[in-house]
Amino acid sequence: MLHIHTGQCGLCVHFGEEHPDDQKLIQIRRSMEAAEDFIDECRHPMHEKLHLKVTAVSACDGFEPATVH
Ligand code: SF4
């Protein structure tokens, strides 16, 4: 498991944005940990057309914090 820091995809609203109620995603945000091989799509408007897939510990300047349920 990898620890996720603020600014990284796992805590970003655009990570898996098309399925925000996904239990795995919610769990990742609560625990701030994710498996090394966990990937999801970034739906940031600048990446959306590219269908960019990122890990929970990837990052970019488009980071916006997700609400943690
Ligand atoms: S690549 Fe950037 S915008 Fe996309 S989920 Fe990661 S931090 Fe957010």
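Derivation of every value follows stated rules applied to the coordinates shown; laboratory data play no part. If you're wondering where the values come from, they're calculated on a predicted model, not measured in any experiment. All Cβ positions, glycine included, derive from the backbone under ideal geometry; neighbour counts span all protein chains shown.
For this structure, a couple of remarks:
- Cα gyration tensor shape of segment 2-55, rounded if a/c is under 1.5, else prolate or oblate by comparing a/b with b/c: prolate
- Check: the chain dipole with +1 on Lys, Arg Cβ and -1 on Asp, Glu Cβ, in debye: 80
- Leading residue at positive end of dipole, segment 2-55 (Cβ point charges), from Val13, Leu52, Gln23: Val13
- Extension gain, Met1 back to His51 (0.36 nm per residue minus Cα-Cα distance, nm): 15.5 nm
- For Ile26 and Val13, the difference between the fully extended length at 0.36 nm per residue and the C-alpha to C-alpha distance is 3.6 nm.
- Taking Lys and Arg as +1 and Asp and Glu as -1, the other residues whose beta-carbon sits under 14 Å from that of Cys42 total -4.
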